[in-house]
Amino acid sequence: MRKKITQLTMVLVLGIAGLVFFSGCFATSTPQAAPAMVKRSGIAPTAAMLPIINTYDQETADHITQALETCLKDRNVFEFVLKSDVDKAIAESGFDLDRIFGMSSSEYAALANTLGVDYVIHGVMVVKKQLTFTGWRKDIDISTRIYDGKSGNKVDSWRSMTDFTWTDNSTALDAQKMAESAVNHTCSKMIERNF
């Protein structure tokens, strides 16, 4: 009897631990719909959206960059400077965006100063492929950070992964569809924060 109670307790503890892990702020368990279209009132702070970095699937990374910028702009969370201005400032500065840990605080501050923005948003994306019975599942892992425009210090960061997403095969095998879910999750978390 005592052994059964111990086993039941272990199952219960593991079940709760699994529930906490899988419902974490970074894992999406179902495909995420776009956040509610609620526009913030007032004047939105300005931001520069740097390209999301990925060396193997730049098309999906570009899609994520554009989708996240659009989601935040449509809800008046940020007013973004033009992509062409961002690209020009990056080219003229000579900063290396491909460094895995991002740029230094002074580089983020210098870039924000050049662009005249309050914040700089930068991130990294990874496509993780897993062979399933129906083909190669393409899970997305996005890590996004926001930096203060004056100091260049990190203000906050968000991570969204689709590894635990239960979805249909047409979505699971399409990196851009999985990216859309991760972007919606990241955008929802960023909206919660007041800038």
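Taking Lys and Arg as +1 and Asp and Glu as -1, the other residues whose beta-carbon sits under 9 Å from that of Val127 total 0. Taking a sphere under 9 Å around the Cβ of Val155 and counting the other residues whose Cβ falls inside, with K and R at +1 and D and E at -1, yields a net charge of +1.
Annotation: aspartates and glutamates with alpha-carbon distance below 13 angstrom to Lys154 (same-chain offsets under eight excluded): Glu107, Asp118. Within the shell defined by Cβ-Cβ distances under 13 Å, the residues around Asn184 carry a net charge of +1, with Lys and Arg each +1 and Asp and Glu each -1.
Just so you know, all these numbers are worked out from the coordinates, no wet-lab data involved. Since this is a predicted model, take the numbers as computed values, not measurements. Note that each Cβ is placed from the backbone with ideal geometry, even for glycine, and that neighbours are counted across all protein chains shown.
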